[in-house]
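Here's the structure, in structure tokens; my notes come after.
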Amino acid sequence: MELFRSHVLVCGGTGCISSSANQILDKFNEEIKKNDLEKEVKALQTGCFGLCEAGPIVIVYPEGTFYSQIKVEDVPKITEEHLLKGRIVKDLLFKESVDEDKIKSVNEVEFYKKQMRIALRNCGVINPEVIEEYIALDGYQALAKALTEMTPEEVIDVIKESGLRGRGGGGFSAGLKWEFTAKAEGDEKYVACNADEGDPGAFMDRSILEGDPHAIIESMALAAYAVGANQGYVYIRAEYPIAVKRLQIALDQAREAGLLGENIFGTGFNFDLEIRLGAGAFVCGEETALINSIEGKRGMPRPRPPFPAQKGVWNKPTLLNNVETYANVPQILLKGAEWFAGIGTEKSKGTKVFALGGKIVNTGLLEVPMGTTLREVIYEVGGGIPNGKAFKAVQTGGPSGGCIPEKYIDTPIDYDNLIELGSMMGSGGMIVMDEDNCMVDIARFFLDFTVEESCGKCTPCREGTQRMFELLDKITEGKGTLEDIDKLESLAKTIKSASLCGLGQTAPNPVLSTLQYFRDEYEAHVTEKRCPAGVCQSLLQYKVIPELCKKCGICAVKCPVDCIDGVKGKELYVIDQDKCVKCGVCVGACPFKAITKS
């Protein structure tokens with residue numbers, strides 16, 4: 001076994017790879033060889049570190065030195081100064097790592113301090129393509145323990161007692177779902193993993209599969225043992241090529257090591273896994289639509305009951321959980337139900353992974369205990385709102401969630417609290433909005449997505465969401481009425497109660513929550529023909545501020561439709577509102593900030 005004095009960990013998540021992380025790793029290996037450090041320093045690729053805003057990320061251990069936004073041309077300097085001479089390159093460090101004379105390690109940075117990583121525990125720590133590294137961190141020990149020391153019923157009891165709830169949206173008890181599948185009658189049973197993850201801005205499951213694929217394989221084997229299945233399927237969208245590749249490598253390694261296949265650990269237990277690629281339909285995140293797709297059919301929901309635990313894949317009892325739910329299972333089996341149940345709140349145990357995006361300083365992936373407040377996530381972990389702007393709302397749960405206003409920012413995050421506020425946990429998307437966001441436009445954005453992704457099977461979703469979108473379009477164009485707002489609200493409530501599946505039932509949430517908390521913005525759009533945030537283009541007006549105008553004429557020269565009149569050096573320039581196309585070129589062109597948008 002080779003021992004190295006330093007390890008250089010290069011982020012291998014999708015975001016960093018798109019910013020030349022592979023080339024950075026190659027350059028490190030080249031420079032390490034060039035400086036005769038091959039026996040002292042090891043460079044390797046890991047999964048996502050989480051702080052995507054700072055990528056590409058490089059961490060040097062044992063110090064935990066945090067280099068951010070690294071370029072290929074920075075590698076020789078880091079190699080020669082840090083790895084060869086022992087001098088940290090301060091100008092390449094993540095900005096928060098430098099605190100006066102002290103250099104903080106990666107774990108001391110604010111983004112990571114409040115986190116507790118269970119599902120993400122190996123992401124950014126191990127090379128996901130090397131099974132030995134997973135095994136070195138207790139990998140497959142939970143499976144060995146279950147197969148050699150526990151009955152299937154005992155495994156299910158541990159999951160039930162832990163309080164683990166599904167992390168894919170609904171928050172149903174994982175232990176109860178396992179128990180229902182185990183008790184269902186059937187000569188054959190299946191386990192399946194939902195890795196479809198279609199929410200805009202969500203990448204929790206992708207990052208786990210990219211950074212720790214063996215955790216999902218081990219967990220699904222545990223689930224199969226518990227419910228009496230011998231075959232499993234991981235349903236993953238084809239848009240995740242890196243996750244698919246690493247999962248396939250992990251499957252091949254597990255089979256070669258005897259951890260998948262026949263007679264696992266010599267116990268007589270047989271289990272294997274297959275990957276099923278999805279074409280990217282959002283509706284296939286719904287469990288029955290996903291099952292149809294696994295079977296090669298069009299991804300459309302089935303009426304429930306019967307539930308998948310009774311009739312799932314090939315009409316056989318099927319256990320279906322998402323990636324993050326499975327990722328918690330091995331640690332629960334190793335550390336015990338009491339340990340996991342001691343984290344979080346009374347009804348929401350453990351941690352939750354969020355993909356934090358929007359108007360936030362630290363865009364990225366984080367995992368915090370249930371019960372952490374929205375304020376802590378947004379301001380302490382997320383670093384607050386950029387450019388000193390005011391926080392306005394946060395949208396949780398993707399297109400199925402709702403917008404939570406500033407007055408509820410101290411709400412502890414758990415399943416029940418978010419539902420009470422008109423939102424939901426969902427799979428973990430969290431989009432932050434500031435004072436410049438129009439909440440009517442936000443609702444329109446999410447409805448646009450839902451309309452496109454509706455499978456069309458049921459009338460309330462197929463027709464209702466389209467009518468809602470048309471009403472929102474009408475309002476944002478300044479053509480709406482107060483009656484349209486009432487009609488929008490009534491339609492949303494009908495769709496919520498009458499749709500066949502979870503997509504349709506939750507599609508109105510962005511509209512209902514923005515109507516509940518930001519109704520004044522809707523009313524301003526229809527009664528004053530004004531967008532308070534200055535976003536809806538049809539309602540914008542560009543005006544010259546007389547006190548600031550220098551009569552230079554730059555705005556008139558730049559205007560593409562000649563709608564600005566005036567005489568250079570003599571007359572005040574005026575914008576013809578009838579001719580103006582609201583392009584905003586004049587605002588950017590004026591060096592004196594004499595043109596305002598309202």
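The values are calculated or read from the model by the stated rules, or taken from the named source; none is laboratory data. All of these numbers come straight from a predicted model, not from anything done at the bench. Quick reminder, even Gly has a Cβ in these numbers, built from the backbone with ideal geometry, and neighbours come from all protein chains shown. Just so you know, the surface numbers come from the protein's heavy atoms only, side chains and all, with ligands and any DNA or RNA stripped out. Shrake-Rupley method; radii C 1.70, N 1.55, O 1.52, S 1.80 Å.
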Please state, rounded to one decimal and in Å, the Kirkwood hydrodynamic radius that region 480-530 gives when every pair of distinct Cα atoms enters the mean of 1/r. 11.5 Å
With DNA, RNA and ligands ignored, accessible area of residue 542 (1.4 Å probe; Å², nearest 10): 10 Å²
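First compute the accessible area of region 1-116 with a 1.4 Å probe, then give the percent of it belonging to carbon and sulfur atoms.
Here carbon and sulfur together make up 46 percent of the probe-accessible area.
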Share of alpha-carbon pairs per 10 Å distance bin for region 179-271, given as whole %: 16, 44, 30, 10, 0
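Looking at region 1-121, I'd like the Rg to Rh ratio, where Rg is from alpha-carbon atoms and Rh is Kirkwood's inverse mean 1/r.
Answer for region 1-121: 0.95.
Restricting the count to DSSP beta bridges whose residues both fall in the chain, what percent are antiparallel, rounded to a multiple of 5? Mind showing how you got there, number by number?
Values: 35 of 63 bridges.
Roughly 55 percent of the DSSP beta bridges within the chain come out antiparallel.
Find, to one decimal place in angstroms, the Kirkwood hydrodynamic radius of region 473-598, where the mean of 1/r is taken over every pair of different Cα atoms and then inverted.
Final number for the Kirkwood radius of region 473-598 is 16.9 Å.
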Which Rg and Dmax, in Å, describe the Cα atoms of the chain? 26.8, 93
Can you give the Rg and Dmax of region 315-383 based on its C-alpha atoms, in angstrom? 14.9, 48
Measuring from its Cα centre, region 235-315 shows a charge dipole (+1 at each Lys and Arg Cβ, -1 at each Asp and Glu Cβ) which, in debye to the nearest 20, is 360 debye
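Output the pairs from 42/245; 160/352; 33/90; 479/550; 347/389; 34/102 with a Cα-Cα distance over 26 Å in this structure; if there are none, say none. Can you show the working numbers first?
On the way: 42/245 23 Å; 160/352 18 Å; 33/90 24 Å; 479/550 36 Å; 347/389 35 Å; 34/102 31 Å.
The answer is 479/550; 347/389; 34/102.
Leaving ligands, DNA and RNA out of it, rank 514, 345 by accessible area with a 1.4 Å probe, largest first. Each step should come with its number before you reach the end.
Numbers: 514 0, 345 30 Å².
Ranked from most to least accessible, the order is 345, 514.
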Report the dimensions of region 275-340 along its three principal axes from the alpha-carbon atoms, largest first, rounded to Å. 41, 25, 17
Out of residues 5 or more away from residue 234 or on other chains, whose amide H comes under 5 Å of its own, with H placed 1.01 Å from N in the peptide plane? 193, 274, 275, 276
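Taking the Cα centre as origin and putting +1 on Lys and Arg beta-carbons and -1 on Asp and Glu beta-carbons, what dipole magnitude results for the chain, to the nearest 20 debye?
Working: 68 positive and 85 negative charges, 274 e Å.
Rounded to the nearest 20 debye, it is 1320 debye.
Express the accessible area of region 40-143 per residue in Å², computed with a 1.4 Å probe while the remaining protein chains stay in the model. Provide the component values of the computation, followed by the final result.
Values: 4500 Å² over 104 residues.
For region 40-143, the solvent-accessible area averages 43 Å² per residue.
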Of 225, 320, 396, which is farthest towards the positive pole of the chain's charge dipole, taken about the Cα centre with +1 and -1 on the beta-carbons of Lys, Arg and Asp, Glu respectively? 396
Pair-distance profile P(r), taking every C-alpha pair of region 149-194, with 10 angstrom steps and integer %: 25, 52, 23, 0
One checks the Cα atoms of region 362-518 and finds Rg and Dmax, in Å, of 15.7, 46
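Given an 8 Å cut-off on Cα distances and at least 6 residues of separation, report the relative contact order of region 249-299 as a percent. Walk me through the numbers on the way to the answer.
Working: 39 pairs, mean separation 9.4, N = 51.
Relative contact order here is 18 percent.
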FRET efficiency (residue 576, residue 420; Cβ distance; R0 51 Å; to 0.05) is 0.55
Signed unit charges on C-beta, dipole axis of the chain, positive-most listed residue 423, 591, 544: 544
May I ask you to evaluate 6.51 cos²θ - 1.76 cosθ + 1.60, the Karplus curve with θ = phi - 60°, for each residue of region 557-569 and list the ³J(HN,Hα) values in order in whole Hz, giving x for glycine and proline? 5, 7, 4, x, 10, 6, 9, 10, 10, x, 10, 4, x
Can you list the lysines whose alpha carbon is less than 17 Å from that of residue 579, not counting same-chain residues fewer than 8 positions off? 543, 558, 597
Karplus ³J(HN,Hα) for region 92-98 (6.51 cos²θ - 1.76 cosθ + 1.60, θ = phi - 60°; Hz, whole; x = Gly/Pro) runs 9, 6, 4, 3, 6, 6, 9
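At 222 nm, what helix-only mean residue ellipticity would the chain give, in deg cm²/dmol to the nearest 500, using -39500 (n - 2.57) for each DSSP H run of four or more? Spell out each step's value before the answer.
Values: 22 runs with 212 residues, N = 598.
Computed mean residue ellipticity for the chain: -10500 deg cm²/dmol.
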Counting only protein heavy atoms with a 1.4 Å probe and every protein chain in place, the carbon and sulfur fraction of the accessible surface of region 190-298 in whole percent equals 48 percent
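Restricting things to Cα coordinates, could you compute the convex hull volume per residue of region 216-332 in Å³? Please list the in-between numbers first.
On the way: hull volume 12.7 nm³, N = 117.
In region 216-332, the Cα convex hull volume per residue is 109 Å³.
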Kirkwood hydrodynamic radius (C-alpha pairs) into Stokes-Einstein, region 418-498, 4 °C and 1.567 mPa s, D in µm²/s: 93 µm²/s
For region 99-115, just list the computed ³J(HN,Hα) in residue order, Karplus coefficients 6.51, -1.76 and 1.60, θ = phi - 60°, integers in Hz, with x standing in for Gly and Pro. 10, 6, 8, 9, 10, 7, 7, 4, 6, 8, 5, 3, 4, 9, 4, 8, 7
